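I have placed the structure first, in the form of structure tokens, so that the comments after it can refer back to it.
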Amino acid sequence: MRRERRHSPMQLDRYSEGSMEVIILPDAARVAEVAAAQFADVIRSTPDAVIGLATGSSPLDIYARLAELVRAGELDVSRVSAFALDEYVGIPEDHPESYVSVIRREVTEPLGLDPSRVHVPDGRAADIERACDEYEAAIAAAGGIDVQLLGIGTNGHVGFNEPSSSLRSRTRIKTLTRRTRVDNARFFERPDQVPTHCITQGLGTIMDARRLVLVAQGEHKAAAVAAAVEGPVTAMCPASILQFHPHASVVVDEAAASALTNTEYYRHTYENKPPWQHP
Ligand code: GLP
């Protein structure tokens, strides 16, 4: 059944200031706690929330924290649906590093989500283009994504939208950069086993989510975070498109924040956040 879409980010923009919130926290554990709390808030206020999932290392502690809340009886996810950002093309479904396996292992099972409500792009489809269109249609039919979790690649990618991705792109097949394949080689036995292609939600798809939460931990992410938050909006740093989103949080530890320049302002803003400002 098609769920009523509450409001689009652009409608939201009419009555909110539409700024990116940068939250700098002492360590990775606090990043997970704060980002998980943001997700938990959305799910508590919208029990049939549609959440957007990311893979990679950055979100793992967030999923673990959400699973803890579910186990403690503090969060009910029985009506939640989920859509993953991306998937490798051509990797067998039962490969431990296919994103369909990773999402099942790290999210669906520990949180006890209904597997029929958890969606991952089909990287094995005979007709990839059609699978991409169907994925977009499934997100729309679910009513759009309420809150999307994002990591960031060292080259500024979000999902698998590599530098030079169209800022309005939709779900499609992409070629992975050498840098991303090197970064992700740690998940595979040999670097040449990292797939060369992927399906990823586009930047336009990601920007349609009502709320975005980007997390980054560690110094190796510092340059990408600074480019995304304080650099020009450019396809060469796909995460910089978040500057146009009316409700985006960037939740980082000190190391990932270390190349930002406007930090005094971000800290002041977060520490003095008035209760009327949206969470
Ligand atoms: C991966 C994923 C992204 C992820 C990024 C960073 O390849 N496709 O969704 O955000 O690269 O990964 P990590 O969190 O492991 O640093």
Taking the Cα-to-Cβ direction at Asp192 and at Asp27 and moving 7 Å from each Cα, how far apart do the two end points lie in nm?
4.1 nm
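Once you order the gyration tensor axes a ≥ b ≥ c over the Cα atoms, which shape class does segment 63-184 get: rounded for a/c under 1.5, otherwise prolate or oblate by comparing a/b with b/c?
The shape class here is prolate.
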When the charge dipole of segment 172-279 is computed with +1 on Lys and Arg Cβ and -1 on Asp and Glu Cβ about the Cα centre, the Cα farthest towards its positive end, among Met207, Ala248, Gly231, belongs to Met207
Using +1 at the Cβ of each Lys and Arg and -1 at the Cβ of each Asp and Glu in segment 145-279, identify which of Trp276, Phe187, Ala259 lies farthest towards the dipole's positive end.
Phe187
Relative contact order of the chain: what whole-number percent is it, with Cα pairs under 8 angstrom and at least 6 residues apart?
27 percent
Against the 2.2 N^0.38 Å rule of thumb, the C-alpha Rg of segment 208-279 sits at a ratio of 1.11
What is the magnitude of the charge dipole of the chain about its Cα centre, with +1 placed on the Cβ of each Lys and Arg, -1 on the Cβ of each Asp and Glu, and no other charges, expressed in debye to the nearest 20?
460 debye
Rolling a 1.4 Å sphere over the protein heavy atoms, what is the accessible area per residue of segment 149-276, to the nearest Å²?
44 Å²
Report the label-to-label distance for Ala140 and Ser166 in nanometres (one decimal), using points 7 Å from each Cα along the Cα→Cβ vector.
1.5 nm
Nearest-20 debye value, segment 58-205 charge dipole, Cβ charges on Lys, Arg, Asp, Glu
420 debye
Once the dipole of segment 62-165 is set up with Lys and Arg at +1 and Asp and Glu at -1 on Cβ about the Cα centre, which of Thr108, Asn155, Tyr88 lies farthest towards its positive end?
Thr108
Report relative contact order for segment 41-181 in percent, whole number only (criteria: Cα-Cα under 8 Å, sequence separation at least 6).
28 percent
With only Lys, Arg, Asp and Glu charged, each at its Cβ (+1 for the first two, -1 for the last two), find how big the charge dipole of segment 103-179 is about the Cα centre; round to the nearest 20 debye.
360 debye
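The values are calculated or read from the model by the stated rules, or taken from the named source; none is laboratory data. Every value quoted in this text rests on a predicted model; they were computed, and no experiment measured them. Every residue, glycine among them, receives a Cβ derived from its backbone with ideal geometry; neighbour counts consider all protein chains shown. Just so you know, the surface numbers come from the protein's heavy atoms only, side chains and all, with ligands and any DNA or RNA stripped out. Shrake-Rupley method; radii C 1.70, N 1.55, O 1.52, S 1.80 Å.
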